[in-house]
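The values are calculated or read from the model by the stated rules, or taken from the named source; none is laboratory data. As the structure is a computational prediction, the values presented were derived from the model and not from experiment. FYI the Cβ positions are ideal-geometry reconstructions off the backbone, even for glycines, and counts take in every protein chain you see. Please note that ligands, DNA and RNA were not included when accessible areas were found on the heavy atoms of the full protein model with its side chains. Shrake-Rupley method; radii C 1.70, N 1.55, O 1.52, S 1.80 Å.
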Amino acid sequence: MQQQDTSSDGGENSAAAAQPAATSPHDSTLPSDLKDSILVAYRSIGIGTFGVVMRYAGMPLEKIALYMNSSQVTGKHQFRQSIKLTFQKGMLAPYKVVGPASLVAWFMQYSVMGLAFQFFDHALSKALGVKPVIYGDELMEPPPSSSQQQHDATYRIKSTTKTILAPILAGSLESIVANRAEVQRYYGPSKLAAIESHLKWNPIARASGPAYLSNAARNVIMCNMSFIITPITYKYYYPQEKKSQGSLFWFGMGMNFAGNAVAITQQALWGRALDYAVFADGSTSTIATATAATGSAAKSGGQQQQQLVARNISYAQVIKSSLAKDGISAFFTVPKWASRILMNAPVQGSLPWFYNNVLPLGEESVLGVARTLYGDNNDQPSAADNNGNGKNCTIS
């Protein structure tokens, strides 16, 4: 990837060209653009697969965190209330809300997060003429001395602009992919469908899902933590003699704890905004629209269902009413923070370690296969070569 090429000052290309025949039978060097595209795709697929496995395994923790950061638990023993709500329909209840759409959404969420950040980071770096964010082995190298990184004010402004914009764009795109699926797991498919039908949302609003802005704000915070703050602080401020894969893993976990102290406020706003959309008077309402609950009252064991009151979200009203009712604890308490960490830390906290230490292990193998295929393609005889001279086709 470009950031590797930058850090090695072109040494990687020459090394790739000098690979022995066992690694690259045709001794072909991939064009830099093709190589970058292959590595971006490999890393994105790897992050997506990692995200699916970790998120599915942690579904009970996710449900606990969702309840903890909603208005459905109040007063004392909120953690106990959240656990009770999570498992009220059985120990496997958290997994039953996960369908194929959620698995696809998880894969897309994490692969898009990785793909989007790499894309925006490299596109903006190329457009502004600055270096991409550090990656892989660069984290383990000593930080450059002040004399090695002398840049004028214009360069620093461009680099800062890129560093701010890349995670904002990536986190926003991630929420477009993931927010609706998260809302569906919170409400349930039938309830979300009834809300959308009742409010007659346009296709863009349906695709983004309710409470998109707070979801995007949370993702921007965590994208910054995973791809910007953690690698930069580790490279420049962590003691050089203590750098290792293990220390990066635990450093990433610690930074995740700090990031979640901020992200939890947006997670709580997201949950309360979703409750605001369907709870008009603070009492629990259930789906009973003409289109979504036909015959459901007959199955409710004689309990009368209330009419759903769905409304568009007003963040100002959500914040005002939440602060009036619960004060600052509406958006931040130690139990809320702890539940968010339980849900988020296994996957997001270990992501910098996985991204910078595990994924690079397979890059040379992937590039080796690509070199082989590229060389085989180059070795195919030209259709115009009737003399059998073995002229190679070229790929532009």
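Take the range 105-146 and flag every residue that is part of a helix (DSSP H, G or I), free of Cβ contacts under 8 Å to residues at least 40 places away in the same chain and farther than 20 Å from P239 by Cα. Passing the criteria: A123, A127, L128. Just to be sure before I move on: is I313 in a loop (DSSP other than H, G, I, E, B) and either among the polar types (S, T, N, Q) or at pLDDT 70 or above (or both) in the structure I sent? For I313, the condition - in a loop (DSSP other than H, G, I, E, B) and either among the polar types (S, T, N, Q) or at pLDDT 70 or above (or both) - is met. Inspect all residues belonging to the range 158-177 and state whether any of them is over 18 Å from G271 (Cα atoms), outside any helix (DSSP H, G or I) and either of a type in the set (S, T, N, Q) or open to solvent by less than 20 Å² (accessible area, probe 1.4 Å) (or both). No, the range 158-177 contains no residue that is over 18 Å from G271 (Cα atoms), outside any helix (DSSP H, G or I) and either of a type in the set (S, T, N, Q) or open to solvent by less than 20 Å² (accessible area, probe 1.4 Å) (or both). Of everything in the range 25-49 that is among the acidic types (D, E) and modelled with pLDDT of 80 or more, the residue that is farthest from V358 (Cα to Cα) is D33.
Only one of the numbered conditions (1) under 17 Å from Y315 (Cβ atoms); (2) modelled with pLDDT under 85 is violated by T289, and that is (1). Within the range 213-237, the set of residues being closer than 17 Å to N357 by Cα, open to solvent by less than 10 Å² (accessible area, probe 1.4 Å) and hydroxyl-bearing (S, T, Y) comprises S226, T230, Y234.
Taking the numbered list (1) over 30 Å from R43 (Cβ atoms); (2) of a type in the set (A, V, I, L, M); (3) modelled with pLDDT under 75 in turn, A345 passes all entries but (1).
I need the full set of residues from the range 238-263 which are outside any helix (DSSP H, G or I) and surrounded by fewer than 16 Cβ atoms within 10 Å (Cβ to Cβ), in order please. Scanning the range 238-263 gives P239, S244. Scanning the range 325-360 for residues that are more than 18 Å from Q118 (Cα to Cα), open to solvent by 30 Å² or more (accessible area, probe 1.4 Å) and more than 15 Å from the chain's Cα centre (by Cα) yields K325, D326, I328, S329, F332, V334, P335, W337, A338, L342.
Scanning the range 178-207 for residues that are of a type outside the set (A, V, I, L, M), open to solvent by 10 Å² or more (accessible area, probe 1.4 Å) and farther than 15 Å from W106 by Cα yields Y187, G188, P189, S190, K191, S197, H198, K200, W201, N202, P203, R206. Among the residues of the range 32-73, the ones that are assigned to a loop (DSSP other than H, G, I, E, B) and open to solvent by 50 Å² or more (accessible area, probe 1.4 Å) come to 1 in all. Scanning the range 59-108 for residues that are within 25 Å of the chain's Cα centre (by Cα), β-branched (V, I, T) and under 16 Å from F331 (Cα atoms) gives a single hit, I64. What do you reckon, is S82 out of contact with any Phe, Trp or Tyr (no Cβ under 7 Å at 6 or more places or on another chain), buried (at least 18 other Cβ atoms within 10 Å of the Cβ) and of a type in the set (G, A, S)? It is false that S82 is out of contact with any Phe, Trp or Tyr (no Cβ under 7 Å at 6 or more places or on another chain), buried (at least 18 other Cβ atoms within 10 Å of the Cβ) and of a type in the set (G, A, S).
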